[in-house]
Amino acid sequence: MKNKKIKIKPIRVKSTFIIFSLVFLLLSIQLFRRMVLQGEFLGNKAEQQFLNEAKISPKRGSILDRNGRELAVSGDVYKVNLDLLAMQEYCVRYNETKEQVSEEISGALGMDNDKVLSMLDKTDNNGRLLRGMTLERKIEKDKIDKLKEVRKTKKYNFMIIENDSTRLYPNNNFLAHALGIVDLEGEGVFGLEKYYDKELMGVAGIRIAELDKNASELPYEDVVYTEAINGKDVILSVDESIQYIAQTVADKALKDTKAKGVTIIVTNPKNGEVLAMVNKPDFNLNDPRMGIVDNEKLQQLWRNKAVNDVFEPGSTFKITTISAALEEKVTFLNDDFYCKGFTVVNGTKVNCWKPEGHGSEKLIDILENSCNPGFMELGRRLGQERLNKYIYDFGFGKPAGIDLTGEAAGIIKPTDQMTALDLATISFGQTDAASPIQILAALNTIMNDGVYSTPHLMKEVVGVDKNGGTSVSKPYEEKNQRQVISKDTANTVAKMLEETVSKGSGKQTYVEGLGIAGK
């Protein structure tokens, strides 16, 4: 039997070639799409499935008074985030409903089940399930331990448990406006918490571990661990005992006078250290909103009037005028003045607070009597340019540089816009505007031999190591110190201010045996 020769038709060869070519082309396109176009996305997704990455939050540093008493501290708590897309994939893979997931989570945390369930469908603006939704914050350790057990048993690898911290203020409303508060993320909102946020916050750490197919850590793999660096402690110049006394006095003054507000600042004039700062009414730092929903009212409540608000300083401003006049030698201690109850400036009658006038006076008398016509005369002798020079040198018209947020600069009439009438009213404390801290800094200059020192609350920033050891990482550094008037002039004015309290308009504050100066 002869072998038959098989004849292959060309059309079949072509068809087979085309089919194989199309299959190869489709595979190539798919490989290109997977490896090039989606390579990074799929690589990241694969990495997420076998790597567990957890952020380790640093502990925020404490704020303490000058004697080491705690004013603001951080407590260790936890927060729970959910990867809702990974949760959805888990439910499909293990045939579990989101209702069952909700019951497990709410049971461990003691949360309302309906609340948890309502959060498991949250999406972004594009309708995609959230990959890092915060379920709950500030969770205590006992509840987290229960949740960790649920995660381990049920293999809820879509659940991320991270360190969190809560800010505690042991003394509630103590030093409220100066200390300030932090937000839910532990970042300062205002006050010292905001000003020293960088020092207090620290640096977050990270822990990365490789997982098996059941989302359990592989025992033979190295864990990548970067330790968190805790925040530094801020030591204040504030003295808790002096602050307590100041707050007690402010509460009494607010009640007795029925005033809208009371501000008290206590400083060391030799170096500008703030020993106490009080604003009344105040608020509880552990409940800073106090149920107030109106944002404008809330901001007013939190406003530190000692540094944020300005007003016409009135007679307290006369220390600037009399210091400038003595320094420029346009007056002297035995200088003669006469007050008839008013002064006419460019046709405008400007009254003294005493309508019948003070009559004949010496320089010390116009200060003790707080006589407006006497100070208008000093202002006239100085002139616009010289008076404004000392106003700026004493720290008015610009922030004092105190370490608090939102400090006001004040309002000073520019020299080239100052009329003769402006000069007259400015000389006894009207027209211009200043903050309480600016006024006190100017008074401190008189009591510090004529040297201006920046008011401040930070004494030093201290680093704390693992073993609890401390080291000063940043002591306070003076930045605006300057000689404003001579020591002789400053001491002369200081003695006059002491007589103003013992004999003049400040008699009600005089205490026998103590040298008290004031205006």
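The values are calculated or read from the model by the stated rules, or taken from the named source; none is laboratory data. Bear in mind the structure is a predicted one, so any value in this text is a computation, not a measurement. Cβ sites come from the backbone with ideal geometry, for glycine too, and all protein chains shown count toward neighbours. All accessible areas refer to the heavy atoms of the entire protein, side chains included, with ligands and DNA or RNA removed. Shrake-Rupley method; radii C 1.70, N 1.55, O 1.52, S 1.80 Å.
Are there GluC sites (Glu not before Pro) in segment 320-358 that DSSP marks as loop and that have at most 14 other Cβ atoms within 10 Å, and which are they?
Working: sites: E327, E328, E356; in loops: E328, E356.
Loop-located and lightly packed - E356.
May I have the pair-distance distribution P(r) for segment 253-312, computed from all Cα-Cα distances with 10 Å bins from 0 and rounded to whole percent?
Histogramming segment 253-312 at 10 Å steps yields 18, 42, 32, 7, 0 percent.
Calculate the dipole size of segment 267-354 relative to its Cα centre from +1 charges on Lys and Arg beta carbons and -1 charges on Asp and Glu beta carbons; express the result in debye to the nearest 20. Walk me through the numbers on the way to the answer.
Working: 11 positive and 11 negative charges, 52 e Å.
Using Cβ point charges on Lys, Arg, Asp and Glu, segment 267-354 gives about 240 debye.
Specify which labelled value, from [x] 153, 56, 43; [y] 91, 67, 51; [z] 74, 64, 44, agrees with Cα extents along the principal axes in Å derived from the coordinates of the model shown.
Label [x] holds the value from this structure.
Can you give the angle from 0 to 90° between the axis of helix 318-327 and the longest principal axis of the chain, with both taken from C-alpha atoms, to the nearest 10?
Its long axis makes an angle of about 70 degrees.
Given +1 on the Cβ of Lys and Arg, -1 on the Cβ of Asp and Glu, and no further charges, what dipole in debye does segment 361-483 carry about its Cα centre, rounded to the nearest 20? Walk me through the numbers on the way to the answer.
Numbers: 12 positive and 16 negative charges, 43 e Å.
About 200 debye.
So, for the chain, what is the accessible surface per residue at a probe of 1.4 Å, expressed in square angstrom?
Heavy-atom accessible area per residue stands at 55 Å².
Stick to Cα atoms and the Kirkwood definition of Rh, then tell me Rg/Rh for segment 434-519. Intermediate values should be presented prior to the final figure.
On the way: Rg = 18.2 Å, Rh = 15.5 Å.
With Rh from the inverse mean 1/r over Cα pairs, Rg/Rh is 1.18.
Give me the percent of DSSP beta bridges within the chain that run antiparallel, rounded to the nearest 5. Present the calculation step by step, with values, prior to reporting the outcome.
On the way: 56 of 59 bridges.
Expressed as a percentage, antiparallel bridges in the chain total about 95.
Does anyone have the angle between helix 436-447 and the longest principal axis of the chain? Alpha-carbon axes, 0 to 90°, nearest 10?
Approximately 50 degrees, to the nearest ten.
What part of the accessible area of the chain, given as a whole %, is carbon or sulfur when the probe is 1.4 angstrom? Don't skip to the answer; put the middle values down first.
Working: 14920 of 28610 Å².
Summing carbon and sulfur atoms, their accessible area is 52 percent of the total for the chain.
Loop only by DSSP, 13 or fewer other Cβ within 10 Å of the Cβ. Give me the chymotrypsin sites (Phe, Trp or Tyr not before Pro) in segment 142-182 that pass, ordered by residue number. Can you show the working numbers first?
Details: sites: Y156, F158, F174; in loops: Y156, F158, F174.
Filter output for segment 142-182: empty list.
For segment 389-477, report the % of Cα-Cα distances exceeding 24 Å.
On the way: 1485 of 3916 pairs.
When all Cα pairs of segment 389-477 are counted, 38 percent exceed 24 Å.
For segment 106-179, just the Cα atoms, rotate onto the principal axes and tell me the three extents in Å, largest first.
Dimensions of segment 106-179 along the principal axes of its Cα atoms: 45, 34, 22 Å.
Angle between the Cα long axis of helix 10-32 and the longest principal axis of the chain, 0 to 90 degrees, nearest 10?
30 degrees
Where does the charge balance sit around E460 when Lys and Arg score +1, Asp and Glu -1, over other residues with C-beta under 11 Å from its C-beta? Show your work: numbers first, answer last.
On the way: positive: R66, K232, K459, K474; negative: E199, D233, E477.
Result for the local shell: +1.
Given K260/K340; K115/K154; K260/K362; K59/K398; K349/K413, which pairs have Cα atoms separated by over 27 Å?
Where the Cα-Cα span goes over 27 Å, the pairs concerned are K260/K340; K260/K362; K59/K398.
Segment 364-388 to segment 106-125: how many Å between their Cα centroids?
Each part's Cα centre sits 70 Å from the other's.
Kindly provide the helix-only [θ] at 222 nm of the chain, computed as the sum of -39,500 (n - 2.57) over DSSP H runs of four or more divided by all residues, to the nearest 500 deg cm²/dmol?
Numbers: 18 runs with 197 residues, N = 519.
After summing the helix terms and dividing by the residues of the chain, the value is -11500 deg cm²/dmol.
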